[in-house]
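One structure, pasted below without further comment.
The values are calculated or read from the model by the stated rules, or taken from the named source; none is laboratory data. Computed from a predicted structure; not experimentally measured. Glycine gets a Cβ as well: all are built from the backbone with ideal geometry, and neighbour counts include every protein chain shown. Just the protein is used for accessible areas: all its heavy atoms, side chains included, with ligands, DNA and RNA removed. Shrake-Rupley method; radii C 1.70, N 1.55, O 1.52, S 1.80 Å.
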Amino acid sequence: MTGKHQPHTHRHTIAVLVDNEPGVLARVIGLFSGRGYNIESLTVAEVAARDNLSRITVVTSGTAQIIEQIKAQLSRLVPVHKVVDLTNEGPAVERELALVKVAGIGEKRVESLRIAGIFRAHTVDSTNESFVFEIVGRSDKIDAFINLMEPLGLVDVSRTGVVAIARGTQPL
Amino acid sequence: MSHDHDLNGAEILLKALADQGVEVVFGYPGGAVLPIYDEIFKQNRLRHILVRHEQAAVHAAEGYARATGKVGAVLVTSGPGSTNAVTGLLDAMLDSTPMVCMTGQVPTSLIGNDAFQEADTTGITRPCSKHNYLVKDVNDLARVIHEAFYVAKSGRPGPVVVDLPKDVVTAKGRYIGPDKVRHKTYKPKVKGDIAAIEAAVDLMAQAKKPILYLGGGVINSGLEAVALATKLVKMTGFPFTQTLMGLGAVPASSPQYLGMVGMHGTFEANLAMHDCDVMVCIGARFDDRVTGKTSTFSPKSKKIHIDIDPSSINKNVVVDIPVVGDVGHVLEDMIRVWKAKQLHVDEKALKSWWREIDGWRAKDCLRYTKSKKVIKPQYAIERLYELTRDKDPIIATEVGQHQMWAAQFSKFDQPRHWLSSGGLGTMGFGLPAAMGAQVAFPEKLVIDIAGESSIQMNIQEMATLAQERLPVKIFIMNNQYLGMVRQWQELLHGGRYAESHMDVHPDFVKLAEAYGAKGRRVDKPADLDAAIMEMIETPGAFILDVRTDASENVFPMIPPGAAHNEMLLGPEDEAEKPSSEDGMVLV
Ligand SMILES: Cc1cc2nc3c(=O)[nH]c(=O)nc-3n(C[C@H](O)[C@H](O)[C@H](O)COP(=O)(O)OP(=O)(O)OC[C@H]3O[C@@H](n4cnc5c(N)ncnc54)[C@H](O)[C@@H]3O)c2cc1C
Ligand SMILES: Cc1ncc(C[n+]2csc(CCOP(=O)(O)OP(=O)(O)O)c2C)c(N)n1
Ligand SMILES: [Mg+2]
C-alpha cells in the first residue's frame with residue numbers, strides 16, 4: 001500500500017530501549033524524518049547508567065501498517081535493544097510535565113491561580129506580576145490547562161514530551 | 001616480541017582485518033589515513049587496490065563481495081574521500097551488499113572545528129549505511145572492527161562505516177581478537193517460526209496456480225540456500241520467476257523458469273504473478289519495479305513471504321503468511337516439513353496452470369525485429385551470451401537499457417555471476433564492480449556490459465585495470481543516447497528528447513589505447529561475432545564499442561503506475577499505452 005496518507009490513523013506510544021551511545025538519538029530521529037513518519041513527541045534520557053541504557057519514548061501516528069513499519073524499522077537499528085508498543089500492549093500510564101508562565105495583575109492573576117489549584121499545578125516561581133506553574137499529567141490535561149491560561153496572560157510554555165510505562169509488575 | 005598493548009592503531013586495524021580474513025582492500029590515500037597506509041606499506045599480506053576515484057573503490061568492493069559472498073573492504077581518506085564514497089555506500093545499502101568502509105577523520109581534538117578535510121562522516125553516512133562508528137579511543141578499535149564485520153554480514157547484509165580519527169590510528173593500545181567480541185544487541189533471527197512454516201507448506205500443497213518469486217535474498221543467504229531453492233523448485237514443480245537481483249539463484253535453464261519479473265520482465269512471469277493463487281516470495285522485497293501498481297498487484301493470491309528483515313514484510317504489499325528468517329534455514333525446514341507431512345502438489349491443477357502459462361510463453365515476448373544493417377542491441381547480447389557461455393563469465397552492468405537487455409538475454413545458471421545496481425540504479429557501477437570481481441577471480445572472464453554514457457561515469461578505472469593487470473572486457477552498447485531516458489521521453493513525454501542525446505563521445509578505441517588496453521569498434525551485424533571473439537581472445541583489458549540501433553526500446557514494459565496485465569509488448573503497443581496521471585509522477 002502506498003500508505004502514509006490513508007485514513008484510520010492512530011496515535012501510538014512506543015518505548016525504545018537503546019544503548020546510550022553518541023548518535024543514537026540522531027539515528028532514531030533521522031529514521032522518522034527520512035521515511036516521512038510523524039513525531040508528535042519524543043523524549044530521551046538515560047535510565048540504567050550501569051548498563052549504559054537510555055529509554056526513548058516516542059508518540060507517533062499512522063495506519064496500522066505504518067505503525068508496524070515504524071516498529072520494524074526501529075528494531076532494525078543496531079543499537080536498539082527493545083521496541084515496545086505501549087498502546088498495543090497496554091494498559092500504560094502516560095505523563096508529561098509542563099512549565100507554564102503566566103503574567104498579569106488583578107482579576108486575571110487571581111483567576112490563573114485558582115485554575116492552577118483545580119489542575120493541581122504547583123507554583124514554582126512567582127513575582128508581583130507573574131507565575132510559573134508546574135503541571136504534570138496526560139498531554140490532553142496539559143493542553144486544557146494551557147488553553148485556559150491563554151486569555152489570562154500566558155507568555156511562555158515549556159513541555160517535556162510524553163514519558164510512559166506499562167501498568168503492572170513487568171519490566172519493558 | 002611485541003606485546004598486545006604495544007600496537008598502534010594502524011597496526012591494530014591491520015591485525016583485525018587479517019583476523020577477519022580480509023585479503024583485499026580497495027582504497028585511495030590522503031592525509032588522514034597516512035599512518036594506515038604506512039602500515040600497509042610495511043606488510044605484504046593485505047593486498048591494496050589503488051583505484052582512481054573513491055566511488056569506484058566502493059563499487060569494486062561491492063563487485064568483490066557479490067562475486068565471492070565475502071565482506072568487501074574499503075579504505076578512504078577524510079572529507080572528500082568519504083563524501084566520494086557516499087554513492088557507493090547507498091548503492092550497497094539498497095542492494096544489501098556486505099561491506100566495511102573505513103574512512104579517515106581529523107584528529108579527535110579538531111573534530112567540530114571545520115578542520116582541513118573534515119566532514120561529519122558519521123552524520124552524512126547514517127542514512128546510507130547499515131550502521132556506522134566513530135572510534136574515539138584506540139582501545140575500542142579492534143572491537144569496533146570486529147563488530148563492523150559481524151554487522152555487515154549478519155542478518156540482511158549491508159555497508160558499515162568506521163570513521164577513524166588520525167590520533168586514534170597513531171595512539172598505542174590493546175588488541176583483542178574476534179573471539180572476544182560478542183555484539184550486545186544485534187542478533188538477527190535466522191530460524192523461521194515453525195507454525196508459520198507449516199501453514200506455508202500446507203498452503204503450497206493446496207495451490208492450484210502457484211508461483212515462486214525469488215530475489216536477491218536467496219543469493220545473500222549463501223550457496224546452501226541456493227541449492228535448497230533449486231531443490232524446492234524441483235520438488236514442487238512450481239513455475240518460478242526471479243528479480244533482477246535474484247538472477248542466477250536457481251538456474252535459468254530450468255524448464256520451470258519463466259524469466260525475470262517486473263517492469264521489464266517477461267509476459268509469462270508477470271501474468272503468472274498477476275493470476276496466481278499462491279505466491280511464495282523468497283528473499284525478495286516487493287520493489288515497485290516488480291509490483292507495478294500495488295493496488296492491482298496479484299489480486300487473487302495468498303502470499304507467503306520469507307525474509308530476514310521484518311521491515312521488508314508488509315512494507316509495500318500485505319502478505320498472508322510472513323516467515324521471518326534466513327532463506328537457507330527456512331527452506332531447509334520447509335522441505336523437511338513438506339516431506340514429514342507427506343504433502344503432494346495438486347498435479348491436475350498444476351498441469352492446467354502450466355498449460356495456461358505455456359499459452360503466455362507462446363507470445364515469445366522477447367522477440368525483436370532482426371536486421372542485417374544495424375546491430376540490434378538484443379542481438380548483441382544474444383551473441384555475447386552464446387559466444388561466452390562455455391566460459392561462465394561474470395557479467396557486470398551499468399544502468400539503462402543495456403542493463404535490461406543484459407538481464408533479459410543472458411541466462412544465468414549460477415549465482416554470483418550477475419553484478420548489477422538494482423535498488424539505486426547507479427550509472428558507473430559496472431566497470432568498478434567488474435574490476436572487483438576480477439580481483440577475486442583473476443582467471444575468469446569478467447565482462448562489463450555498458451552504455452556509452454554510463455561507462456564515462458567511472459571510466460578513469462581503466463587506469464586501475466592497467467596497473468593491476470586486470471583483463472576486464474568492456475562491452476559498450478553504444479546508442480549515442482541516454483537510452484533509458486530517451487525511452488521514457490518517447491513513451492511518456494511526447495517524444496521531446498530533452499538532453500538525452502549526446503553529440504560528443506570519446507573515441508572509445510583510442511581511449512582504450514590511451515589507457516594501455518586494446519579496443520575495437522563494430523557496427524555491422526556480420527562483423528559482431530568476430531569482434532566478440534577478438535575481445536575474448538585478446539589478453540588484457542579490452543573495450544568493444546558496439547554501435548547499436550539507437551531507436552530500439554526495451555520491451556516488455558509495464559509502464560510506471562500500471563498493473564502486471566497492462567504490459568506493453570512492443571512498438572505496436574506504444575499507441576495504446578496507459579498514460580495515467582499517477583504514472584507520470586513515478587520514477
Ligand atoms: C533501470 C532499472 C530497471 C529495473 N527493472 C527491474 C525489473 O524489471 N524487474 C526487477 O525484478 N527488478 C528491476 N530493477 C531492480 C529493482 O529496482 C530492485 O533492485 C529489485 O527488484 C530488488 O530485488 P529483490 O526484491 O530481489 O530485493 P533485494 O534488493 O535483493 O533485497 C533482498 C531481500 O531479501 C532479504 N534478505 C537478504 N538476505 C536474506 C537472507 N539471508 N534470508 C532471507 N532474506 C534475506 C532482504 O531483507 C530484502 O528484503 C530495475 C532496476 C533498474 C536500475
Ligand atoms: C548516476 C546516475 N545519473 C542518472 C541516472 C538516470 N539514468 C538512468 S538510465 C540513464 C541513461 C543511461 O545511458 P547509457 O549508459 O548510455 O545506457 P542506455 O540506456 O543508453 O543503454 C540515465 C541518465 C542514473 N541511473 N544514475
Ligand atoms: Mg546509451
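What pairs come up if the first residue lies in segment B:219-241 and is at pLDDT below 95, the second is away from ligand 2 (no atom under 16 Å from the Cβ) and among the hydroxyl-bearing types (Ser, Thr, Tyr), and their beta carbons are under 9 Å apart, counting only those six or more places apart or on different chains?
Within 9 Å, no pair qualifies.
May I ask you to verify whether residue B:399 is more than 14 Å from chain A (Cβ to nearest Cβ), within 18 Å of residue B:550 (Cα to Cα), within 15 Å of ligand 3 (Cβ to nearest atom) and in a loop (DSSP other than H, G, I, E, B)? So that I can check it myself, show each step before the final result.
Values: more than 14 Å from chain A (Cβ to nearest Cβ): yes; within 18 Å of residue B:550 (Cα to Cα): yes; within 15 Å of ligand 3 (Cβ to nearest atom): yes; in a loop (DSSP other than H, G, I, E, B): yes.
For residue B:399, the condition - more than 14 Å from chain A (Cβ to nearest Cβ), within 18 Å of residue B:550 (Cα to Cα), within 15 Å of ligand 3 (Cβ to nearest atom) and in a loop (DSSP other than H, G, I, E, B) - is met.
Oh, and also: Can you name the number of the only condition in (1) assigned to a helix (DSSP H, G or I); (2) surrounded by 16 or more Cβ atoms within 10 Å (Cβ to Cβ); (3) more than 14 Å from chain B (Cβ to nearest Cβ) that residue A:100 fails?
(1)
Within segment B:207-302, considering only strands (runs of 3 or more DSSP E) that don't extend past its boundaries, which have at least 2 residues that are within 16 Å of ligand 1 (Cβ to nearest atom) and among the polar types (S, T, N, Q)? Spell out how you get there, then give the answer.
Details: elements: B:210-214, B:240-242, B:257-260, B:278-282.
The qualifying strands (runs of 3 or more DSSP E) are B:240-242.
Something else about it: Taking segment A:117-163 only, how many residues are in a helix (DSSP H, G or I) and under 13 Å from the mean Cα position of the chain (by Cα)?
Within segment A:117-163, the first condition is being in a helix (DSSP H, G or I), and the residues that meet it are A:117-118, A:139-152.
Add one more test, that the residue is under 13 Å from the mean Cα position of the chain (by Cα), and what stays is A:139-143.
Qualifying residue count, segment A:117-163: 5.
Taking the residues in segment B:38-67 that are crowded, with 24+ Cβ neighbours inside 10 Å and more than 15 Å from residue B:439 (Cβ to Cβ) as candidates, determine which candidate is nearest to the chain's Cα centre (by Cα).
B:55
Of the conditions (1) open to solvent by less than 10 Å² (accessible area, probe 1.4 Å); (2) more than 14 Å from every other protein chain (Cβ to nearest Cβ); (3) not in a helix (DSSP H, G or I), residue B:200 fails just one. Which one is it?
(3)
Among the residues of segment B:462-485, is any farther than 13 Å from residue B:542 by Cα, within 16 Å of ligand 3 (Cβ to nearest atom), more than 14 Å from chain A (Cβ to nearest Cβ) and surrounded by fewer than 21 Cβ atoms within 10 Å (Cβ to Cβ)?
yes
What number of residues in segment B:402-425 are part of a helix (DSSP H, G or I) and either among the aromatic types (Phe, Trp, Tyr) or under 19 Å from residue B:70 (Cα atoms) (or both)?
Taking segment B:402-425 as the starting set, the residues that turn out to be part of a helix (DSSP H, G or I) are B:402-409.
With either among the aromatic types (Phe, Trp, Tyr) or under 19 Å from residue B:70 (Cα atoms) (or both) added as a condition, the list becomes B:405, B:409.
Of the residues in that region, 2 qualify.
Would you mention how many residues in segment B:68-92 are of a type in the set (A, V, I, L, M) and open to solvent by 50 Å² or more (accessible area, probe 1.4 Å)? Lay out the reasoning, then the answer.
As a first pass, look at segment B:68-92 and keep what is of a type in the set (A, V, I, L, M): B:71, B:73-76, B:85-86, B:89-90, B:92.
Narrowing further to those that are open to solvent by 50 Å² or more (accessible area, probe 1.4 Å): B:90.
Number satisfying all stated conditions: 1.
Has segment B:345-354 got at least one residue that is outside the structural domain of residue B:245 (by TED's automatic domain parsing), more than 13 Å from ligand 1 (Cβ to nearest atom) and in contact with a Phe, Trp or Tyr (Cβ under 8 Å, 6 or more places away or on another chain)?
No: zero hits.
Also, I was wondering about something else. Can you tell me which residue is most open to solvent (accessible area, probe 1.4 Å) among those in segment B:500-520 that are over 17 Å from residue B:453 (Cβ atoms) and among the charged types (D, E, K, R)?
Residue satisfying both the conditions and the ranking: B:510.
Hey, another quick one. Within segment A:21-43, which residues are within 14 Å of chain B (Cβ to nearest Cβ), at pLDDT 95 or above and part of a loop (DSSP other than H, G, I, E, B)? Walk me through how you get there before you give the answer.
From segment A:21-43, those within 14 Å of chain B (Cβ to nearest Cβ) are A:21-37; that's our starting set.
With the extra rule that they be at pLDDT 95 or above, the set shrinks to A:24-37.
Passing the criteria: A:36, A:37.
Just checking, how many residues over segment B:131-181 are open to solvent by 50 Å² or more (accessible area, probe 1.4 Å) and away from chain A (no Cβ under 14 Å)?
So the count comes out to 9.
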